[in-house]
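Encoded as structure tokens, the structure appears first; notes follow it.
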Amino acid sequence: MKSALVGLLFPVLGGGIWYQSAAQHKNLGGDTGHAASAYKNDTLVIDNVTVVDVETGKLHASQRVVVVDNRIVSVGRVKSVKTDRKSKSAYLDAKGKYLIPGLWDMHTHSDRNFDNFSKLYIATGITGIRDAASEMPLDSMVKLRQKVLMGERVGPPRQVLSGHSIDYKRGCRRTVALHTCITDSADVVHLVDSFKTVGVDMLKTYALPENMYFAVAGAARRAGIPFGGHTMVPAIAASDSGATLIDHSAVNQDLTRGCLYHTATVELCRPIAETFKKNGTWWVPTWIFPPRMAGMDQTHAIYSYFDRFIKDFFSSAAPLPSLHDYLAQGYANADSMRRPRSLIPPPPTGSDVDSLGYLYVVLKAGLPMVAGTDTYGRYLVPGFSLHAELATYVAEGMTPLQALQSATINAVKAIRATDSLGTIKPGKLADLVLLDANPLEHILNTTSIYGVIANGRYFDRKQLDSLLLSTR
């Protein structure tokens, strides 16, 4: 039985899967002037590629992947997978390349510059986002998502939309247009019903007192809408109430004390992790947002060099800078950089966390985790921020495979869409990223993007560069 969220994400053609007919491949450039598709064929054949199995970490060399319209129809050895020679096919020789599922950023915020945000996501291999609150009205976001799926605009084809954050009146932030305030349980019911009518996919909670948080949780359950976000109530209680996600590193005190930073121990974190696994709750770190983040010297070096990259990218300097090179410098120069002060005290010298990374306890306890960045504006810039986020995960103790899983299969598990997304298998939707280097050898290789396939639509390197240039 499909979850309510899957039904909202993929609402047509009965099977819960968006389908783009061959006729809808026309005018794939839309109105951006920068994104004409590399092909207008019914079939794309990717030959001689190494397929990365993000579930097991296995590499399958010399594979043929056949995409028809927006669906993967065949995966296997080149000699064993036959193609229909009568169909109008495009062949891509991908020898020496690596194919991964499309990446997800599970905590983003769209502003009114939707086109630039969307193009940056595609140009950096992000085919799925959770928009945790947007400046734009929810009904406008729903319409824009539909235009992306129809090939009329460039953008991530998978968008989990939340509308505004649900905030509490007494402390409701009026400085940004991302929040809607509630005052009592009647407000909660009205707001949840309104969001459901417009087509929300997942409610976003913000600074809610305990009684209001559980009121939202109850209304969401009754309406059949997933929810998650800022969570001030105890982590186990939030998970037991039905929360799909808990956002950030230093908002929920239980997560901070038990699983992160100087106070963390496996014994404190394990009950939270086991409850999350039982209930299907996931933690979204948004680690690349420095004010919330403690970390080892390598992570702070990544922050510093990522900041330099963003400033250089949006300057008039040409050619385009390489994110891979900037982050690699961060790794290389970590020991020579002074760690800045953090809001979170450092762990005792010689402790497991201090020596093995701030994610050591999270990994040891098995806390379910998905990648997210809190992208909003030109500092936490769309797309690039996710790759920097993954780099910090590895700096703090993850393997490249674990980091890659957090932005692929784990994200898809969180939205209960593994029947359609997250792996490279026949029947799955064709959201894929073609890389020049093996991401399991080094996580920075996720930035070596050769091409992107979004809902079956192929963007080559030249077109990706064009998208990047159009956003500067």
(request) Being over 18 Å from GLY451 (Cα atoms), open to solvent by 30 Å² or more (accessible area, probe 1.4 Å) and among the aliphatic types (A, V, I, L, M) narrows it down to one of MET150, MET141, so name that one. (result) MET150
(request) Give the residues of segment 202-226 that are in contact (Cβ under 8 Å) with a residue 40 or more places away in the chain and either among the acidic types (Asp, Glu) or open to solvent by 20 Å² or more (accessible area, probe 1.4 Å) (or both), sorted by residue number. (result) TYR206, ALA207, PRO209, GLY224, PRO226
(request) Just name the residue that is surrounded by the fewest Cβ atoms within 10 Å (Cβ to Cβ) out of those in segment 189-201 that are in contact (Cβ under 8 Å) with a residue 24 or more places away in the chain and in a helix (DSSP H, G or I). (result) ASP193
(request) Restrict the check to segment 126-134 and report whether at least one residue is over 26 Å from VAL65 (Cβ atoms) and either open to solvent by 30 Å² or more (accessible area, probe 1.4 Å) or among the hydrophobic types (A, V, I, L, M, F, W, C) (or both). (result) yes
(message) Which residue is modelled with the lowest pLDDT, if the candidates are limited to segment 352-376 and must be over 13 Å from LEU260 (Cβ atoms) and hydroxyl-bearing (Ser, Thr, Tyr)?
(response) SER355
(request) Would you please list the contacts, defined by Cβ atoms under 6 Å and residues six or more apart or on different chains, that run from a residue in segment 227-241 that is within 18 Å of CYS259 (Cα to Cα) and open to solvent by 10 Å² or more (accessible area, probe 1.4 Å) to a residue that is among the small types (Gly, Ala, Ser) and at pLDDT 95 or above? (result) none
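Among GLY102, GLY155, GLY125, which is the only one that is closer than 27 Å to VAL370 by Cβ, touching a Phe, Trp or Tyr at 6+ places or on another chain (Cβ under 9 Å) and small (Gly, Ala, Ser)?
GLY155
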(request) Output the number of the condition that TYR379 fails; it satisfies all remaining conditions of (1) within 30 Å of SER118 (Cα to Cα); (2) modelled with pLDDT of 90 or more. (result) (2)
(request) From the list ARG308, ARG338, pick out the single residue that is open to solvent by 50 Å² or more (accessible area, probe 1.4 Å), among the charged types (D, E, K, R) and modelled with pLDDT under 75. (result) ARG338
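From THR83, THR108, THR127, which residue is polar (S, T, N, Q) and at pLDDT below 90? Step through it out loud before you land on a result.
Working: THR108 fails: at pLDDT below 90; THR127 fails: at pLDDT below 90.
The unique qualifying residue is THR83.
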(request) Could you list all residues from segment 170-183 that are surrounded by fewer than 17 Cβ atoms within 10 Å (Cβ to Cβ) and either at pLDDT 90 or above or touching a helix residue (DSSP H, G or I) at 6+ places or on another chain (Cβ under 7 Å) (or both)? (result) THR183
(request) Could you list, in sequence order, all residues of segment 242-261 that are open to solvent by 10 Å² or more (accessible area, probe 1.4 Å) and of a type in the set (A, V, I, L, M)? (result) ALA250, VAL251
(message) Condition check: modelled with pLDDT under 90, more than 24 Å from the chain's Cα centre (by Cα) and buried (at least 22 other Cβ atoms within 10 Å of the Cβ). Does ALA264 satisfy that?
(response) yes
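The values are calculated or read from the model by the stated rules, or taken from the named source; none is laboratory data. All values derive from a computational prediction rather than experimental measurement. Neighbour counts are summed over all protein chains in view; Cβ atoms, including those assigned to glycine, are modelled from backbone coordinates with ideal geometry. For the accessible areas, the whole protein counts, side chains as well, though only heavy atoms, and no ligand, DNA or RNA atoms are used. Shrake-Rupley method; radii C 1.70, N 1.55, O 1.52, S 1.80 Å.
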